[in-house]
Amino acid sequence: MKALMAVLILALAVPAAAQEKSKKDDKKQAPAPAASSPDQLMREAEQKAAAGDKDGAAELLRRAVAMPAATGEPSMRLGRLLEGKYEFDAAIDAYKVAGDKLTGAAKGEALGRMAVLQQVRGMPEASATAQAAAAADPQGVWPAIAQARALAREGKGDEAVALAQKVAATGGAAASSALGYAQEAKGDLAASEASYRAALDDPEQKAIASVGLARVLRKTGRAGEAEPILKKAIEDAPGAVEAYKESARVKIALGRASEAVGDAATAAALAEGDAEAQRLVQEVGVAQALAYLATNQPDLAIQDLTKLRDQHDSAEVRVGLARAYIAKRQGDLAATELQKAVELEPNNAAAQYQLGYVQHMLKRDAAAAVGPYDKAVASDPSNLDYRTALAAALVDAKQFDRAATEAGKVTQATPKRADAWIYLGAAQLGAKRYKDAIAALDKGAALAPTNAQAEAYLAWAYFGLKDATNFKLHAGKAKALGHKEPTLLDYLARVEKGEPIK
């Protein structure tokens, strides 16, 4: 019986083993499953991205891109995904592949997106890519966005704004960000700030819009607000050259030039072909030397800047050296450096501004200052310091209508700038528009309650209206604040004695 059971067990085991062997053989011989198609991989990638697995989605899209049958669509999708992850270099590569394979509107979008990212990375070929995008799709949204940004970078603010506005309704956050950049180039900083803020909630545009917003905040005297925005932008997008550039400039504006060294060096290293990034390194060196001025040591600044000029003769260094001479009120030496600076770079806004300053404030020739100030504003329309200085020179040169126009642009861009309101009031006063002058000067005096000149201008405006009560009030305030102009004080004494204003 036992022998029989053993035979039965063996008989049953042999077929089972044979079957298992057969299965293994079948497995070895079974053909591999057919590879997924690019379309299937794109659908799977979309599902992974929707579930929050962006890395998994990117891997699937890379597999799709590598397939011989792939069109440019997987590369386009990969570029957008990587752009949303702030992997700008990889996104640029993906858009390039897409642009090579696609045609028409799709090609225009790929190249347009690529141009925007190239600009963010400080790549000089951004403008050429924008032109190629427009050639592929002349009426496309993304080519228009890229072209608007390129025009803004070239300083063609009006053209850039017009182009960006055409696609503002259909281009979403990218168009809003491009419009902000164009408005910034035009000098309309209030509108620019609003446009940048409107783009901040879009994941693809957040880093780009953040840098633009930070730049506007710095230009409107709010560098302290800009710094944390840039810190976050750099954390999110460590390859964004523009963020490092702006971070360096913000730190310079905050009086911390030594801390700007690292940002400038990083920008220059990331964008070797970006001339602006390379110049920024020199700007930081100049700012470090000029820090001596804050401690009343202009001679040390002159020593360092002279050495730097002899090593690297450039407009930036000469402007810095001129500023050190200005601190010592050595106008002729400053003017010599500035003239050489504008010979090196005729469109250097800082050189033209400082040249105007020397004429206006050191040589007391307002009419001679207007020309350089005009050139500074033309080269950098968004710089409110330059425009305010131009307004001041125009007031002193008795060009009151132009002065009112320039000062008005500043007050529109930043309503809390006291000096701009005061110059606007002075211009209206000079033009004998007394009520308009009072309206502007009231705002200036509220923002700068200890400004004797604002009170003096208010007194003269009320004098023009023959309002003795308010004339005495504001002339008295001006006197108490140290105003010494003899004509005003003489009239104040006479009116206080009861003499009517005629």
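Among rounded, prolate and oblate, which fits the stretch 144-196 when a ≥ b ≥ c are the square roots of the eigenvalues of its C-alpha gyration tensor, a/c under 1.5 means rounded, and a/b larger than b/c means prolate?
Oblate shape, in that a/c is at least 1.5 and b/c is the bigger or equal ratio.
Between residue 405 and residue 256, what FRET efficiency comes out of the Förster formula 1/(1 + (r/R0)^6) with R0 = 41 Å and r the beta carbon distance, rounded to 0.05?
The formula returns an efficiency of 0.70 here.
Just need the relative contact order of the stretch 69-175 here, percent rounded to a whole number, with Cα pairs under 8 Å and 6+ apart. Could the numbers behind the result be given before it?
Details: 160 pairs, mean separation 19.6, N = 107.
This gives 18 percent for the stretch 69-175.
Measure off 7 Å from each Cα along the Cα-to-Cβ vector at residue 468 and residue 363, then give the distance between these two points in nanometres to one decimal.
Reported label-point gap for residue 468 and residue 363 is 4.7 nm.
To the nearest 0.05, how large is the calculated FRET efficiency for residue 431 and residue 54 if R₀ is 45 Å and r is the Cβ-Cβ distance?
Plugging the Cβ-Cβ distance into 1/(1 + (r/R0)^6) gives 0.15.
Can you give the Kirkwood hydrodynamic radius of the stretch 284-416 from its Cα pairs, in Å with one decimal?
15.0
At a 1.4 Å probe radius, carbon and sulfur cover how many percent of the accessible area of the stretch 51-106?
Of all accessible area on the stretch 51-106, carbon and sulfur atoms account for 54 percent.
Quick one: which of 74-81, 449-456 comes out on top by average Cβ neighbours within 10 Å, and what's the full order, highest first?
On the way: 74-81: 24.6, 449-456: 19.9.
In decreasing order of mean packing, 74-81, 449-456 become 74-81, 449-456.
Starting from the 7 Å offset along Cα-to-Cβ, what nm value, one decimal, do you get for the label separation of residue 89 and residue 311?
2.8
Once phi is turned into θ = phi - 60°, what whole-Hz ³J(HN,Hα) does the Karplus curve with 6.51, -1.76 and 1.60 give for every residue of the stretch 490-502, x standing for Gly and Pro?
Calculated HN-Hα couplings, in order: 5, 5, 4, 4, 5, 5, 5, 7, x, 6, x, 7, 10 Hz.
Can you work out ³J(HN,Hα) from phi for every residue in the stretch 438-445, in order, using Karplus 6.51 cos²θ - 1.76 cosθ + 1.60 and θ = phi - 60°, giving whole Hz and x for Gly and Pro?
Those phi angles translate into 5, 4, 6, 5, 4, 5, x, 5 Hz.
Hey, what do the phi angles of the stretch 224-235 turn into as Karplus ³J(HN,Hα) couplings, whole Hz, using 6.51/-1.76/1.60 and θ = phi - 60°, x for Gly and Pro?
x, 6, 6, 4, x, 5, 5, 4, 5, 4, 5, 4
From the convex hull of the Cα coordinates of the chain, what is the mean projected area in square nanometres?
Mean orientational projected area (the chain, Cα hull): 36.9 nm².
Between residue 128 and residue 296, take the C-beta separation as r, use R0 = 45 Å, and let me know the FRET efficiency to the nearest 0.05.
Details: r = 49 Å, r/R0 = 1.09.
Computed FRET efficiency for residue 128 and residue 296: 0.35.
Based on the mean of other beta carbon atoms within 10 Å per residue, what is the order of 326-336, 396-406, 372-382, 488-498, most packed first?
372-382, 396-406, 326-336, 488-498
In degrees from 0 to 90, rounded to the nearest 10, what is the angle of the helix 157-166 Cα long axis to the longest principal axis of the chain?
50
Starting from 0.36 nm per residue, how many nanometres of slack lie between residue 265 and residue 202 once their C-alpha separation is accounted for?
Value of the extension gain: 19.7 nm.
Send over a whole-number figure in Å² for the accessible area per residue of the chain, probe 1.4 Å.
Per residue, the chain has an accessible area of 48 Å².
Can you pull the percent of the stretch 204-271's accessible area that's carbon plus sulfur, 1.4 Å probe, other chains left in place?
Details: 1300 of 2370 Å².
That fraction is 55 percent.
Dipole size in debye (nearest 20) for the chain around its Cα centre, Lys and Arg Cβ +1, Asp and Glu Cβ -1?
Computed about the Cα centre, the dipole is about 900 debye.
Roughly to the nearest percent, how much of the accessible area of the stretch 347-466 is carbon and sulfur, given a 1.4 Å probe?
It is 49 percent, rounded to a whole number.
Taking Cα pairs under 8 Å and at least six residues apart, what relative contact order does the chain come out at, in percent?
6
According to a simple spin-label model (label point 7 Å from Cα along Cα-to-Cβ), what is the distance in nm between residue 154 and residue 169?
About 2.8 nm, to one decimal.
At q = 0.29, 0.32 Å⁻¹, work out log10 I(q)/I(0) for the stretch 428-477 with the Debye formula, treating every Cα as an identical point scatterer and leaving solvent out; two decimals please.
Log-scaled intensity ratios, in q order: -1.10, -1.25.
Based on the Cα gyration tensor of the stretch 96-175, what are the three equivalent ellipsoid semi-axes, each the root of five times an eigenvalue, rounded to whole Å and given largest first? Can you show the working numbers first?
Details: eigenvalues 66, 44, 19 Å².
Ellipsoid semi-axes (Å, largest first): 18, 15, 10.
Principal axis lengths of the stretch 411-502 from Cα atoms, whole Å, largest first?
43, 25, 18
Principal axis lengths of the stretch 357-462 from Cα atoms, whole Å, largest first?
On the principal axes, the stretch 357-462 reaches 35, 26, 24 Å in Cα extent.
So what's the angle, to the nearest 10 degrees on a 0 to 90 scale, between helix 88-101 and the longest Cα principal axis of the chain?
Roughly 70 degrees between the two axes.
The values are calculated or read from the model by the stated rules, or taken from the named source; none is laboratory data. All of these numbers come straight from a predicted model, not from anything done at the bench. Cβ coordinates were reconstructed from backbone atoms using ideal geometry, including for glycine residues, and neighbour counts include every protein chain displayed. All accessible areas refer to the heavy atoms of the entire protein, side chains included, with ligands and DNA or RNA removed. Shrake-Rupley method; radii C 1.70, N 1.55, O 1.52, S 1.80 Å.
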